[in-house]
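These notes concern the structure reproduced below.
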Amino acid sequence: VRATRGGEEVRGYVPSMGQIFLRRFQLVTQFRQSLEDEQVSVHYQPKITLPNRQVQGVEALVRWVHPEFGRLGPDEFVPAIEAAGLIGVLTSFVLEASLRRARKWLDEGLRISVAVNLSVRNLADEDFPAKVARELERFDVPPELLTFELTESGVMSDPQKALPILRELHSLGIVLAVDDFGTGYSSLAYLRQLPVDQVKIDKSFVLGMGTDLGDLAVVRSIVELGHSLGLTVVAEGVEEDVARDQLEAMGCDVAQGYLISRPLPEDRLEAWLQARTARSPGRHSETVLTL
Ligand code: C2E
Ligand code: MG
Ligand code: MG
Ligand code: MG
């Protein structure tokens, strides 16, 4: 395939339907083994509070370094894993890694929350809340340090099934966030009926708000209405300091994006945190950022 992008010729390789099907099949059949072989790992992206810029938490984002296909982002394999009925395996893996990480921080005197993305299929598993409760107990992590992120379309696709599970998770004390807010069909009014604590403004609006007045208006109204419903408002996709400053001026509570940090593997996140943590001896450490 030939195409031009910016005057320069680009030669792309477009796989056939058969190749796409085969690849998905391989990913699904190899998934369990890839966990054991440590090809799959969890990266963490920090989130900071506004305006005081302290580390509020991290979001766990899964990565797969495949021996044949190379680095794969979640968008390339999570849908296939979901369709194959393996999302429970993935979620358990990410949850365990995240809680182990939170436990280590607690041992160092740091209260940093971890956010794990759920798929709608997790909410179809009636035993899911009990499994999560057992994991929290196993790692001795307080539930308020765990956040689950769900997309609005995920919750809306089968509210009858999803709602009781969400209520159960919420009653355990886990923080619930609606991810990619603004992209689905549900309205802010509908949010009132969900047991959620946070809205995450979709990055498309945050990325666009510097140049598009419509995006800016969407961001502003999500912040205002989110607050009027008593929710914490998080902005993802914060790439520029102008965006951070605008969000701060609007009263947005938390910012996440490449400006603050890209998602990092565990060791690099540790170094990132260490460089920004002021530790006062004998007292609980404060995570103070200079950004
Ligand atoms: P998400 O939960 O909305 O995560 C945010 C995505 O935006 C991540 O992409 C992150 O790397 C990216 N991002 C963060 N800051 C910026 C920024 O400043 N600019 C831009 N352009 N992008 C930014 P990623 O890691 O590729 O993940 C994509 C999606 O895959 C996630 O969207 C989430 O829905 C899903 N996902 C990731 N990990 C898991 C998981 O463990 N389980 C499930 N079920 N889904 C996952
Ligand atoms: Mg998310
Ligand atoms: Mg999102
Ligand atoms: Mg997303």
Inspect all residues belonging to the range 116-126 and state whether any of them is in contact with a Ser or Thr (Cβ under 8 Å, 6 or more places away or on another chain), of a type outside the set (K, R) and away from ligand 2 (no atom under 16 Å from the Cβ). no
Starting from the range 37-53, take each residue that is in a loop (DSSP other than H, G, I, E, B) and list its partners that are surrounded by fewer than 20 Cβ atoms within 10 Å (Cβ to Cβ) and of a type outside the set (D, E, K, R), counting only C-beta distances under 6 angstrom and pairs at least six apart or across chains. Q39/V65; R53/L289; R53/L291
Per the filter on the range 153-197, residues within 14 Å of ligand 1 (Cβ to nearest atom) and over 19 Å from T91 (Cβ atoms) are F181, G182, T183, G184
Only residues in the range 242-260 that are under 15 Å from Q54 (Cα atoms) count as the first member; pair them with residues that are of a type in the set (D, E) and assigned to a loop (DSSP other than H, G, I, E, B), Cβ under 8 angstrom, at least 6 apart or cross-chain, and list the lot. Q256/E236; G257/E236; G257/E239; L259/E239; L259/E240
Give just the number: which of (1) farther than 16 Å from V28 by Cβ; (2) in contact with a strand residue (DSSP E or B) (Cβ under 8 Å, 6 or more places away or on another chain); (3) without any contact (Cβ under 8 Å) to a residue 60 or more places away in the chain; (4) within 16 Å of ligand 3 (Cβ to nearest atom) does G154 not satisfy? (2)
Residues satisfying the stated conditions in the range 144-171, i.e. within 19 Å of the chain's Cα centre (by Cα) and either within 16 Å of ligand 4 (Cβ to nearest atom) or surrounded by fewer than 17 Cβ atoms within 10 Å (Cβ to Cβ) (or both): E144, T147, F148, E149, L150, T151, E152, S153, G154, V155, M156
Going residue by residue through the range 212-222, is there one that turns out to be within 16 Å of ligand 2 (Cβ to nearest atom) and either in contact (Cβ under 8 Å) with a residue 12 or more places away in the chain or in contact with an Asp or Glu (Cβ under 8 Å, 6 or more places away or on another chain) (or both)? yes
What single numbered condition from (1) farther than 19 Å from P51 by Cβ; (2) more than 12 Å from ligand 1 (Cβ to nearest atom) fails to hold for G226? (1)
Quick check on my filter: what residues within the range 131-163 are part of a helix (DSSP H, G or I) and either at pLDDT below 95 or within 16 Å of ligand 2 (Cβ to nearest atom) (or both)? E152, S153, G154, V155, M156, S157, P159, Q160, K161, A162, L163
Flag for L99 being surrounded by 15 or more Cβ atoms within 10 Å (Cβ to Cβ), within 24 Å of V233 (Cβ to Cβ) and modelled with pLDDT of 95 or more: no
Restricting the range 42-67 to residues that are over 13 Å from A115 (Cβ atoms) and touching a helix residue (DSSP H, G or I) at 6+ places or on another chain (Cβ under 8 Å), the one surrounded by the fewest Cβ atoms within 10 Å (Cβ to Cβ) turns out to be P51
From D75, D125, D107, grab the single residue that is surrounded by 15 or more Cβ atoms within 10 Å (Cβ to Cβ) and either more than 16 Å from ligand 3 (Cβ to nearest atom) or more than 20 Å from L176 (Cβ to Cβ) (or both). D125
Of the residues in the range 72-124, those that are among the charged types (D, E, K, R), assigned to a helix (DSSP H, G or I) and over 22 Å from E152 (Cα atoms) number 6
Which residue, of R100, R111, is under 25 Å from R32 (Cβ atoms) and more than 14 Å from the chain's Cα centre (by Cα)? R100
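The values are calculated or read from the model by the stated rules, or taken from the named source; none is laboratory data. As the structure is a computational prediction, the values presented were derived from the model and not from experiment. Glycine gets a Cβ as well: all are built from the backbone with ideal geometry, and neighbour counts include every protein chain shown.
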